[in-house]
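Coordinate-derived values only; no laboratory data. Computed from a predicted model, the values in this text were never measured in an experiment. Virtual Cβ from ideal backbone geometry, glycine too; neighbours counted across all protein chains shown.
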Amino acid sequence: MQPIKKFDPIKCIVKEAHKAGLKVHAWFEFGFSYAYKDSNSVWLKRYPHWAGRKKDGSLLVKNGFYWWNSMNPEPQKFMKELVLEVVKKYDVDGVQGDDRLPAMPAEGGYDDFTKQLFAKEHNGELPPANPKEPGFLQWKANKLSAFGKELYTVVKNQRASCLVTWAPSPYPWSKEEYLQDWPQWLKGGYADYIFPQLYRYKIEGYEKVLKELNDSLPKEYKQKVFPGILTSLGDGAYQSTRELTDQMLQLNRKYGFNGEVFFYYETLNRLIGLLYQTIK
């Protein structure tokens with residue numbers, strides 16, 4: 001087969017999906033993380049001042065992911081330009097940030113930029129030694145919420161019909177660990193939909209987080225929230241069964257959620273028959 005000149009995979013996906021009646025949302029999965037298990041990343045070499053830092057001055061790394069300082073205007077500008085490039089260039093139906101956009105490990109906040117910003121806003125005081133001190137944690141979360149609002153606004157200004165959705169971790173863990181105070185995103189009006197990642201391997205654990213979500217969610221926002229269901233892991237270490245997936249779907253209906261999001265697509269080939277019978 002001869003190679004296709006100037007092949008644009010995103011353009012092709014959007015075109016063929018729309019032909020089939022499907023909508024396409026661009027998923028900016030890595031967000032403010034710049035590398036995975038790569039301490040010698042080209043991003044770090046090129047933009048060392050973007051790197052997030054822990055209180056001991058070491059690079060901000062969590063679960064193998066290396067992070068920028070998500071409060072720094074420069075990586076923020078980069079992310080906005082990246083998202084806007086997609087919205088301008090392609091007829092996507094939406095854009096989505098996940099548990100890394102807008103986000104940053106709560107252990108961060110000790111790079112020079114953030115220390116100076118904190119001191120400027122706190123009468124010269126330096127950040128607390130405890131990265132999860134409640135006031136400091138909320139201050140950092142508010143900064144990321146402000147960026148989420150800014151990103152939402154620039155996308156809507158470019159194309160009002162383009163949805164802006166987020167797929168954070170369950171609250172309040174999302175804020176305590178990754179500064180994602182997403183209930184505020186709903187209240188502030190800069191989330192078209194929220195898809196909290198209720199990724200659990202057993203039905204008991206799933207119902208627990210689903211009930212917590214249901215009990216904490218104001219009724220006026222429930223129509224904007226759709227639980228995220230884990231169907232498999234990329235390394236093959238976990239695959240949901242049809243029975244477990246069916247139980248999760250039934251629980252979603254029991255608690256009044258009228259839809260869900262599956263991670264990820266490839267698994268649906270095994271589950272499609274069940275899903276059709278359950279969802280229809």
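Which entries of Lys15/Lys37; Lys55/Lys156; Lys15/Lys211; Lys77/Lys187; Lys23/Lys115; Lys62/Lys149 have Cα-Cα distances beyond 31 Å here? Kindly include the intermediate steps, with their values, before the conclusion.
Values: Lys15/Lys37 35 Å; Lys55/Lys156 37 Å; Lys15/Lys211 39 Å; Lys77/Lys187 25 Å; Lys23/Lys115 43 Å; Lys62/Lys149 25 Å.
Where the Cα-Cα span goes over 31 Å, the pairs concerned are Lys15/Lys37; Lys55/Lys156; Lys15/Lys211; Lys23/Lys115.
Taking only Cα atoms and a 10 Å spring cutoff, compute GNM fluctuations for the chain and point out the largest among Gly97, Gly256, Gly52. Residue with maximal mean-square fluctuation among Gly97, Gly256, Gly52: Gly256.
Counting only C-alpha contacts under 8 Å and six or more residues apart, can you give the relative contact order of the range 49-117 as a whole percent?
Values: 70 pairs, mean separation 31.0, N = 69.
Value for the range 49-117: 45 percent.
Show me 33-42, 65-74, 133-142 ranked by packing, highest mean number of other Cβ atoms within 10 Å first.
Numbers: 33-42: 14.3, 65-74: 21.7, 133-142: 16.4.
Highest-to-lowest ranking by the protection proxy: 65-74, 133-142, 33-42.
With a 10 Å cut-off between alpha carbons and a GNM built on the chain, which of Lys115, Lys222, Lys254 moves the most? Residue with maximal mean-square fluctuation among Lys115, Lys222, Lys254: Lys254. Cut-off 10 angstrom, C-alpha nodes, Gaussian network model of the chain. Which of Tyr206, Tyr238, Tyr190 fluctuates the most? Greatest mean-square fluctuation among the candidates belongs to Tyr238. What the Cβ-Cβ distance of Tyr221 and Lys5 gives, at R0 = 51 Å and to the nearest 0.05, is a FRET efficiency of 0.60.
Suppose R0 equals 22 Å; then what is the FRET efficiency for Asn40 and Glu150 from their Cβ-Cβ distance, rounded to the nearest 0.05? Please list the in-between numbers first.
Values: r = 32 Å, r/R0 = 1.44.
Once the sixth-power term is evaluated, E becomes 0.10.
Full extension of the chain between Lys208 and Gln239 yields a length gain of 9.1 nm, computed as 0.36 nm times the residue separation minus the alpha carbon distance.
Taking every alpha-carbon pair under 8 Å whose residues sit at least 6 apart, the chain reaches a relative contact order of 14 percent.
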